[in-house]
Amino acid sequence: MAIFVMKNASVTINSVDLSSYCSSVAVDYNVDAVPADVMGTAYHVFQPGLENSTVTVTLNQDFAATKTEATIFPLVGTTTTVLVKAESGAVSATNPSYTCTGFLASSQPVNGAVGDLASMQLVFTGRVVKATT
Amino acid sequence: MATYKVLADNISGKQPGDTITDDELVGANIEALIESGHLAKTTNNKKAED
């Protein structure tokens, strides 16, 4: 796969494919940098801490049965899986999947100013596992 | 192994009417999927053996 423009990412939240409602997605793979400075060095030294990855998803709102709001509302305050692929095709070395087992702390069932497209931004916090097969 | 009937058209890899097992839903919040109308619990009609 060469460089590409994001056009057809796949986003599955709690086994529900919400790709057709997703306008943006970001997988942030993070590990806490724990300071481990000691005398005698002129720069900061770190040890790897706890993983603190996030998946941030923006979804267009839809109150119809089994769509956006119905899927997300029961997930607030729980941990679930979010599977993200840059392209919707099969998982491969050039189209890896990233599965976040993450806690969803909040959602915005109603969000927007006059004239805006109703949407919600979700942040799942936890760990991310990459797969290529 | 618990099984569930798929009610919605957006369960990954399944169609409405399909059956899905809890093994296929590892990591998912099954209660949320039932509450949101995506799945229904499947009644087990098999009689317990005497």
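None of the figures in this text is laboratory data; all of them are computed from the coordinates on show. For clarity, every value in this text was computed on a predicted model and none was experimentally measured. Positions of Cβ are generated from backbone atoms using ideal geometry, with glycine treated the same way; all protein chains shown enter the neighbour counts.
What the table shows:
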{"item": "Debye intensity ratio in log₁₀ form over the Cα atoms of the protein assembly as shown, taken at each q of 0.18 Å⁻¹", "result": "-1.20"}
{"item": "In nm, spacing of pseudo-spin labels at A:PHE63 and A:ALA105 (7 Å Cα→C-beta vector)", "result": "2.8"}
{"item": "Shielding score for A:12-23, defined as the mean number of other chain Cβ atoms within 10 Å", "result": "5"}
{"item": "Per-residue [θ]222 nm for chain A (sum of -39500 (n - 2.57) over DSSP H runs n ≥ 4, rounded to 500)", "result": "-500 deg cm²/dmol"}
{"item": "Charge context of A:VAL84, other residues only, Cβ under 12 angstrom, K/R +1, D/E -1", "result": "-1"}
{"item": "Most positive-pole-ward Cα, A:SER24, A:PHE63, A:VAL91, against dipole of the protein assembly as shown from beta carbon charges", "result": "A:VAL91"}
{"item": "Vicinal HN-Hα couplings computed from phi for the stretch A:106-113 (Karplus, 6.51 cos²θ - 1.76 cosθ + 1.60; Hz; Gly/Pro x)", "result": "7, 9, 10, x, 10, 7, x, 9"}
{"item": "Summed side-chain charge close to B:SER12 - residues other than B:SER12 whose Cβ falls under 12 Å, Lys, Arg +1, Asp, Glu -1", "result": "-2"}
{"item": "Calculated from backbone phi, Karplus (6.51, -1.76, 1.60) coupling profile of the stretch B:36-42 in Hz, x at Gly/Pro", "result": "8, x, 7, 10, 10, 4, 8"}
{"item": "DSSP beta bridge pairing in the protein assembly as shown, given as percent antiparallel to the nearest 5", "result": "100"}
{"item": "Charge tally in the Cβ shell below 12 Å around B:LYS41, where Lys, Arg are +1 and Asp, Glu are -1, B:LYS41 excluded", "result": "-2"}
